[in-house]
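The next block holds one structure in the form of structure tokens; read it before the comments.
The values are calculated or read from the model by the stated rules, or taken from the named source; none is laboratory data. Everything quoted here is computed from the prediction, not taken from an experiment. As a convention, Cβ positions derive from the backbone with ideal geometry for all residues, glycine included, and neighbour counts pool all protein chains shown. Side chains included, ligands, DNA and RNA excluded: accessible areas come from the protein's heavy atoms. Shrake-Rupley method; radii C 1.70, N 1.55, O 1.52, S 1.80 Å.
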Amino acid sequence: MVEPIRIPTRAFSFDNSFARSLEGFYVTWQGAEAPQPRIVLFNDALADKLGLSLDTQDVVLAEILAGSRVAEGSEPIAMAYAGHQFGGFSPQLGDGRALLLGEVLDKDGNRFDIHLKGSGPTPFSRGGDGKAVLGPVLREYIMGEAMHALGIPTTRALAAVTTGEQIRRQGLKPGAVLARVASSHIRVGTFQFFAARGAWDSLTKLADYTITRHYPDLMDKENRYLAFFQAVADRQARLIAQWMQVGFIHGVMNTDNMAISGETIDYGPCAFMDQYDPQTVFSSIDRQGRYAYANQPQAGQWNLARFAETLVPLIAPDDHNRAAEMLTDALSDYMATYKQAWLSGMGRKIGLFAASGRDTALIQILLGTLQGEKVDFTQFFRRLGNSLSGEEGKAGLLALFEDPESIASWLAEWHTRLADETRPLETIARDMAQVNPLYIPRNHMVEQALQEAEDFGDFRAVRRLLEVVSHPYDEREGLEAFARPAPSDFGPFVTYCGT
Ligand code: AMP
Ligand code: MG
């Protein structure tokens, strides 16, 4: 590839540790020409946090964020990775339509990747066109911002750029590129890529780089690779517990879509569920329900088992059985951590400051009732908190049930349990409103907003939705429609991979 001409810009101060430290782990590459790049959404708050001073009116910035021009200091690379997709192993996936432009340090010295998705074909494209279309780009933008506002670790969108191209999908769609920010794009699949090739030196280098970047305190540990695995599993357990508490379904928990940093990554056919049903699946390609809501904790453990396999030779080079035993213990710790995180998070959702094992049954009985009555998950917890504030709140809660009697005995038991809490009811209600969102990206709202953008180039609904879900806990007048589940004529919701 010809060395690209770099555009001088003060916009980014790149410091590209991955490209510098891990030669051979990527291909140096440049994005495709974009005929008419235009920034359609820009995340000022995130740019500010990253200390970037970007002029969104600057045509060159649109070109840089589309991948067709290379900024000074940027080293665009397509990263190599492998992955288990729906249980089957692909030894080579990699950035087939993405580029890592480089890394920047935020005001506190934290390192972040600036990464493009949809910037054109790369040597990892495997016959794909390397492109992305506007709808899925906006969906990832909205979902990531919503998750961030909910306090859930996630990649975030910096900008959405339309390229001026029409891309063939089901019909022609406007081409777009998502510029996203993550604390890194190192995946379980990155480790699998080198393990599958028996490239142990590379794997060791990758592990040391990742530990230094994400878990620096572990560098001096006696068995740092085991400690690394435990730390990754711990973050993953807490992450998935958080997904469960807001009714988030990732939809494609393949090992190439699991970030070692513990952030939610690669928003494809993801969605939030309305009615509580543990078997909920939205993705059209997940026919077996492998990544259904209730299966996510196990899917996380399965992925971590694949990650563990890559670390066996690093942990005990001369005794793989011993390494496997240690990793197996760490995997059961994952489930224990998950259960604890789930219990304390669910406990807080029902107003308990420190839920203990004896509260598990209370929560399970509640969930069974919600399922039986097909109650909206998000509305229920919000209104449960409101029910502590008086008759009106209580009526609002009961209105969610076809048969209000079905929740009566649970509510009585809950009140008895709340009596053990030392906080007054008003404080409990206030605390509950801080963990139970009112506004999530409702599927019907997301779909409608995306459609207006795709069909008419009208981004007002997307901006409005972003603004609403960016403050998920603050009730505001005029936003009632955003707090409601889909109308019954919205029908069963299906998501498609954005490829
Ligand atoms: P994803 O489903 O986006 O997580 O992607 C899975 C793999 O397929 C990754 O290696 C992607 O880079 C690749 N991929 C997805 N869509 C395309 C596309 N349109 N062109 C080339 N590669 C793609
Ligand atoms: Mg992916």
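Points to keep in mind about this one:
- Full-stretch length increase - ASP220, ASP474 - with 0.36 nm per residue and alpha-carbon distance subtracted: 87.1 nm
- A Förster distance of 25 Å, applied to the separation of the beta-carbon atoms of GLU23 and LYS49, puts the FRET efficiency at 0.25.
- Per the Debye calculation on the chain with a single equal scatterer at every Cα and no solvent contribution, log₁₀ I(q)/I(0) for q = 0.07, 0.10, 0.13 Å⁻¹ amounts to -0.39, -0.80, -1.28.
- With a simple spin-label model that places each label point 7 Å from the Cα along the Cα-to-Cβ direction, the separation between ASP201 and LYS339 comes to 4.5 nm.
- Debye, to nearest 20: dipole size of the chain, +1 on Lys, Arg Cβ, -1 on Asp, Glu Cβ: 580
- Hull-based mean projected area of segment 1-125, where the convex hull spans the alpha carbons, in square nanometres: 8.8
- Residues whose placed amide H lies under 5 Å from that of ILE285, excluding near-sequence neighbours: CYS497
- Surface per residue (accessible, 1.4 Å probe) for the chain, Å²: 42
- Within the shell of other residues whose beta carbon sits under 10 angstrom from the beta carbon of GLY262, the net charge comes to 0, with Lys and Arg scored +1 and Asp and Glu -1.
- Placed amide H near LEU41: partners under 5 Å, 5+ positions off or other chain: ALA160
- One chain, two ends: GLN279 and ALA399. Fully extended at 0.36 nm per residue, the span grows by 40.8 nm beyond their Cα-Cα distance.
- Remark: spin-label model distance PHE456-GLN364 equals 5.0 nm, labels positioned 7 Å along the Cα→Cβ axis.
- Lysines whose Cα lies under 24 Å from that of LYS131, excluding same-chain neighbours fewer than 8 positions away: LYS117, LYS173
- ILE440 contributes about 0 Å² of solvent-accessible surface, heavy atoms of the protein only, 1.4 Å probe.
- Within segment 189-348, the ratio Rg/Rh, alpha carbon atoms throughout and Rh by Kirkwood, equals 0.99.
- The Cα center of segment 224-303 and the Cα center of segment 334-399 differ in position by 21 Å.
- Electrostatic bookkeeping for THR378 treats Lys and Arg as +1 and Asp and Glu as -1; over the other residues with beta carbon under 12 Å from its beta carbon, the sum is +3.
- Distance-filtered residues of segment 352-374 - backbone nitrogen under 18 Å, label point 7 angstrom along GLU413 Cα→Cβ: 352-353, 355-374
- Dipole of the chain, positive end: most advanced residue of THR155, ASN386, SER344 [Cβ charges, Cα centre]: THR155
- Longest stretch of the chain clear of exposed loop sites (GluC sites (Glu not before Pro), DSSP loop, at most 15 other Cβ atoms within 10 Å, sites excluded): 223-401.
- Taking a point 7 Å from the Cα of ASP58 along the Cα-to-Cβ direction, the residues of segment 80-111 with backbone N closer than 19 Å to it are 101-107.
- Share of carbon and sulfur in the accessible heavy-atom surface of segment 189-348 [1.4 Å probe, %]: 46
- Modelled this way, with points 7 Å down the Cα-to-C-beta line, the labels at GLU33 and PHE490 are 4.3 nm from one another.
- Within segment 50-65, backbone nitrogen closer than 19 Å to the virtual label 7 Å beyond the Cα of ASN110 toward Cβ: 50-53
- Taken as Cα centroids, segment 142-179 and segment 468-499 sit 17 Å apart, rounded to the nearest whole angstrom.
- Net charge, LYS107 excluded, C-beta distance under 13 Å - Lys, Arg +1, Asp, Glu -1: -1
- In the chain, the calculated helix contribution to ellipticity at 222 nm averages -13500 deg cm²/dmol per residue, counting -39,500 (n - 2.57) for every DSSP H run with n ≥ 4.
- The share of accessible area on segment 1-158 that comes from carbon and sulfur is 49 percent, using a 1.4 angstrom probe.
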